[in-house]
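Below: one structure, written as structure tokens.
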Amino acid sequence: MIAAHADFSEFGTTEIRNRRTTTVTRYSNSAQIEQYEACWRPNPRLLAKSMPKAQALPELRLRCNRLADSDQVRVAPSSVADLVLYAKLYGGPILVQTCAWSDDDLRDLHPLWFLYQKSLHTHTSLKRAFRSVKDFQRRGNWSGQQSAELELPVFEYGDRVNLRRLLQLGYEACQKVGIQNPKMREKIRMGLYAGVRKTSYQLPDPETFLTRVRQALYSDSWTSGSNETVFLQQVWDHFRYALAKHLDEPQERFDEWLFGAGNTVLTQITQKSKAHGEALDRSLASQAMTELGWRGFVRLSECVAALMRAVMEGGLANLVISEPSRNAFGLLYYQQEKLGGIPLCMLQPRISFVRDAVSDLLESPQDENAWEVFYGMLTCYSILVRYRREADREMKNRMFTLGDYDNQIADKNAQDLIKDYADDEEDEEE
């Protein structure tokens, strides 16, 4: 964790520009919003010596919104991906200057960045959003006892909630918050949120906070035994060796080598060679690369927290003056103990799924019940992902055993189920 007493104001200055007022309408409600642009300009005297020579130091620009006649301000980057890119550029040098990192840590950040980006392009990075009926529907022949729908997490409603009941709960929850004609994705999201709020979830053990965050983002885990540690170091050394050979290539060719459909990164890392010696197990090497990508994610999270501390102390504090606004800013961009040291913004891939729980946290960051609901939503997501993957594996296995006719029947059953729920949605809108 970054030292709380460290002074970050000297690393740059934040200027507030381009103030304007606009009207925002959502669910038939309108509000006047004051919009600003916060521009953080790095101090080249302190940062340039930790960065490559002749490298330009671009400004970080953030959007700031404030309700008219209110002192609450919300600050957001153009995207979390852009914020992470700036954090890689400035956060590492800031951490070195504050003695939170060593020079070796900063040197390791560059290959860890590529491994993190690589992990986002693999099947281990969870991408299912659960926003449509298709996400809850089994493909395959459902004759016998097998349900056409995925099993849902057990909520405390006295009996197991099926998809139709979930949508009804979601519709009722939407009506309570003023969404008169909710879309299917809103009914699904609000139904899950209502189910989690009804169910008693407990905060996980503090030692498992980081593990629970990982389970919400990645599908695999890594065993940290002595043999695994040695193997991980081998993969790390091999990747850095391979990376050095490709860094001078044109960007398009480099991206094809690292991210392309036919990329050869894993082959270069695992094959027998004079530089590396014996070949490595491909399956274990693939898992090791995901683990290293996860470690890159953790390191970049530290960079995000350091950069945003510099932005706040460099002048943004003059705009974000209310305690609720500062608490919300800290929750989003500073390291959070209840997330294992990860800023909440780094869970951006899951924000759409847990957005209602996040809204509760932004209102009351210290509320234990809000954190319990938040982790309940993450647990719900992990359960749904597991059921979804089991159903997909069943479907793939069935493709090798069923004939074309049976597969056509299965596909027709799937389309009938989707049409059934679509018809229900049209009836509600009418």
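The values are calculated or read from the model by the stated rules, or taken from the named source; none is laboratory data. What you see is a predicted model; the values in this text were computed from it and never measured. Note: ideal-geometry Cβ built from the backbone for every residue, glycine included; neighbour counts use all protein chains shown.
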Answer residue from the range 215-243, given it is at pLDDT 90 or above and among the polar types (S, T, N, Q) and is farthest from residue 283 (Cα to Cα) among those: 215
For the range 223-253, enumerate the residues that are of a type in the set (A, V, I, L, M) and free of Cβ contacts under 8 Å to residues at least 12 places away in the same chain. 230, 244, 247
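Let's see how each residue does on (1) out of contact with any helix residue (DSSP H, G or I) (no Cβ under 9 Å at 6 or more places or on another chain); (2) surrounded by 14 or more Cβ atoms within 10 Å (Cβ to Cβ); (3) at pLDDT below 90:
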{"residue": "201", "(1), (2), (3)": "no, yes, yes"}
{"residue": "207", "(1), (2), (3)": "yes, no, no"}
{"residue": "213", "(1), (2), (3)": "no, yes, no"}
{"residue": "245", "(1), (2), (3)": "no, no, no"}
Subset tally (residues that are surrounded by fewer than 20 Cβ atoms within 10 Å (Cβ to Cβ), charged (D, E, K, R) and either within 18 Å of residue 370 (Cβ to Cβ) or touching a Ser or Thr at 6+ places or on another chain (Cβ under 9 Å) (or both)) for the range 286-337: 4
For residue 186, indicate whether it is of a type in the set (Asp, Glu) and either part of a loop (DSSP other than H, G, I, E, B) or closer than 22 Å to residue 360 by Cα (or both). yes
Identify, from the list 175, 145, 180, the residue that is over 21 Å from residue 350 (Cα atoms), among the polar types (S, T, N, Q) and at pLDDT 90 or above. 175
Within the range 79-115, how many residues are under 13 Å from residue 310 (Cβ atoms) and not hydrophobic (A, V, I, L, M, F, W, C)? 7
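Matching residues to (1) within 20 Å of residue 195 (Cβ to Cβ); (2) touching a strand residue (DSSP E or B) at 6+ places or on another chain (Cβ under 7 Å); (3) modelled with pLDDT of 85 or more:
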position: 354; (1), (2), (3): yes, no, yes
position: 361; (1), (2), (3): yes, no, yes
position: 373; (1), (2), (3): yes, no, yes
position: 383; (1), (2), (3): yes, no, yes
position: 406; (1), (2), (3): no, no, no
position: 414; (1), (2), (3): no, yes, no
So which residues in the range 250-266 are exposed (fewer than 13 other Cβ atoms within 10 Å of the Cβ) and at pLDDT 90 or above? 250, 251, 252, 253
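Here's a check for you: in the range 77-124, which residue that is touching a strand residue (DSSP E or B) at 6+ places or on another chain (Cβ under 8 Å), buried (at least 16 other Cβ atoms within 10 Å of the Cβ) and not in a helix (DSSP H, G or I) is modelled with the highest pLDDT?
Result: 77.
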The listed residue being among the small types (Gly, Ala, Ser), surrounded by 13 or more Cβ atoms within 10 Å (Cβ to Cβ), modelled with pLDDT of 65 or more and assigned to a helix (DSSP H, G or I), out of 410, 391: 391
Residue 424 passes all but one of the listed conditions (1) at pLDDT below 85; (2) touching a Ser or Thr at 6+ places or on another chain (Cβ under 9 Å); the exception is number (2)
Quick one: in the range 237-292, which of the residues that are over 24 Å from residue 104 (Cβ atoms) and of a type in the set (Ser, Thr, Tyr) is farthest from the chain's Cα centre (by Cα)? 273
Cβ-Cβ distance below 6 Å, separation of 6 or more or different chains: which pairs start in the range 9-21 with a residue that is surrounded by 15 or more Cβ atoms within 10 Å (Cβ to Cβ) and among the small types (Gly, Ala, Ser) and end on one that is outside any strand (DSSP E or B) and modelled with pLDDT under 90? 12/43
So, of the residues in the range 171-199 that are aliphatic (A, V, I, L, M) and over 24 Å from the mean Cα position of the chain (by Cα), which turns out to be surrounded by the most Cβ atoms within 10 Å (Cβ to Cβ)? 173
Any residue in the range 258-274 that's farther than 20 Å from residue 231 by Cβ: show its pairings with residues that are in a loop (DSSP other than H, G, I, E, B) and at pLDDT 90 or above at Cβ separation under 7 Å, as long as the two are six or more apart or on different chains. none
Determine whether the range 262-284 contains at least one residue that is acidic (Asp, Glu) and part of a helix (DSSP H, G or I). no
Looking only at the range 308-359, which residues are acidic (Asp, Glu) and over 16 Å from the mean Cα position of the chain (by Cα)? 313, 323, 337
